[in-house]
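Inspection log for the structure reproduced underneath, given as structure tokens.
The values are calculated or read from the model by the stated rules, or taken from the named source; none is laboratory data. These numbers come from a predicted model, not from an experiment. Note that each Cβ is placed from the backbone with ideal geometry, even for glycine, and that neighbours are counted across all protein chains shown. These area figures cover heavy atoms from the full protein model, side chains too; ligands, DNA and RNA do not enter into them. Shrake-Rupley method; radii C 1.70, N 1.55, O 1.52, S 1.80 Å.
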Amino acid sequence: MPARSVAVRTPQVRFADAASAKGWDSLAQQARENTYRAWTTMRTDPGPVNETPGTTGSRAAWRTAPTADRPCEQWQIEVTGGGRIWYLLDTARDTCWITFAGTGHPRATDRR
């Protein structure tokens, strides 16, 4: 009996706004290979079961994706020492929404 193939859905990667797209371009210019690895992670393992080096789940409250009113997991990928990508994992739409990308460490993660 032939083996059945199982369709695996690969999430789309989209920008939530123009600022995150511009930040992505700056990050890619500074660290092209690491930015590509981050894109690959979002396409192949966007919400790892266990946090991996460089990929962490948000410690803040869940946020809402730009096209949905349901909560989504927020993830962060460390691309460089200060460069980060934040994205929302919208599983219902198979989409990773990049909400922040930048070469500098985002102030929102600073502890007060």
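Given a 1.4 Å probe and the protein chains as shown, residue 91 ends up with an accessible area of around 100 Å². Taking amide H atoms as placed 1.01 Å from N in the peptide plane, the amide H of residue 15 lies under 5 Å from those of 98, each 5 or more residues away in sequence or on another chain. Each label point was placed 7 Å from the Cα along the Cα-to-Cβ direction; for residue 36 and residue 12 their separation is 2.4 nm.
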